[in-house]
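Below: the structure, in structure tokens.
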Amino acid sequence: MLPTPVELLWMWAILQLRVSATVEKRVDEAGETDHVEAAWQLKEHIHRTEGVLKQRRGFFTDAYRRSTTHLFFEDDDLVAFGSVRRDGYILFLAVHPAARGRGYGQRLIADIAERHRTVTCHARTTNKAALGFYEHLGFRVDRRIDNYYEDNGDAYYLKLGEDSTIRGKVSEFFSR
């Protein structure tokens with residue numbers, strides 16, 4: 001039996017990981033906050049170094065608690081996480097700068113896509129790295145929202161999956 005497109009994405013992502021690290025996937029379901037502090041610290045590191053992920057702690061903690069969060073650890077250090085609401089909206093997606101290029105972001109999106117018919121998120125119009133990442137995975141810009149962020153930054157509302165199935169998008173990703 002041939003692997004599904006999501007299984008192929010997992011296999012590809014696993015190959016991108018360093019062999020020397022012990023990688024563990026964990027999930028905090030809605031209502032759980034086992035890893036909220038580690039996620040906050042990673043988000044803050046990215047905020048300080050890149051100027052993105054500007055949420056305040058109260059908002060972050062409340063949103064984390066209400067969502068399902070997928071987390072990847074290398075040797076017990078959090079290197080990536082994605083928090084998603086029940087409707088498939090990604091609240092937070094973060095990969096430590098030193099762990100980028102190893103497939104964590106793709107694996108997080110694959111996990112989220114496995115559970116949701118449509119996956120959506122916002123990204124700053126100025127965050128070219130995030131926009132390129134999402135576009136590479138098949139997300140499309142649904143609309144631009146001026147002054148979306150608290151600091152009056154503009155955002156794109158991105159969508160994956162509405163026009164066709166998520167599996168089709170993942171399959172399309174592998175045919176590139």
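The figures follow:
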{"item": "Any hit, region 37-44, residues being in a helix (DSSP H, G or I), under 14 Å from the mean Cα position of the chain (by Cα) and of a type in the set (A, V, I, L, M, F, W, C)", "result": "yes"}
{"item": "Residue ID - surrounded by the most Cβ atoms within 10 Å (Cβ to Cβ), chosen from residues in region 110-160 that are out of contact with any Lys or Arg (no Cβ under 9 Å at 6 or more places or on another chain), in a loop (DSSP other than H, G, I, E, B) and in contact (Cβ under 8 Å) with a residue 24 or more places away in the chain", "result": "127"}
{"item": "Residue match in region 85-94 (condition: surrounded by 16 or more Cβ atoms within 10 Å (Cβ to Cβ), basic (Lys, Arg) and either within 10 Å of the chain's Cα centre (by Cα) or closer than 24 Å to residue 57 by Cβ (or both))", "result": "no"}
{"item": "From the options 79, 52, residue that is touching a helix residue (DSSP H, G or I) at 6+ places or on another chain (Cβ under 6 Å) and either crowded, with 19+ Cβ neighbours inside 10 Å or touching a residue at least 40 places away in the same chain (Cβ under 8 Å) (or both)", "result": "79"}
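Just so you know, all these numbers are worked out from the coordinates, no wet-lab data involved. As the structure is a computational prediction, the values presented were derived from the model and not from experiment. Note: ideal-geometry Cβ built from the backbone for every residue, glycine included; neighbour counts use all protein chains shown.
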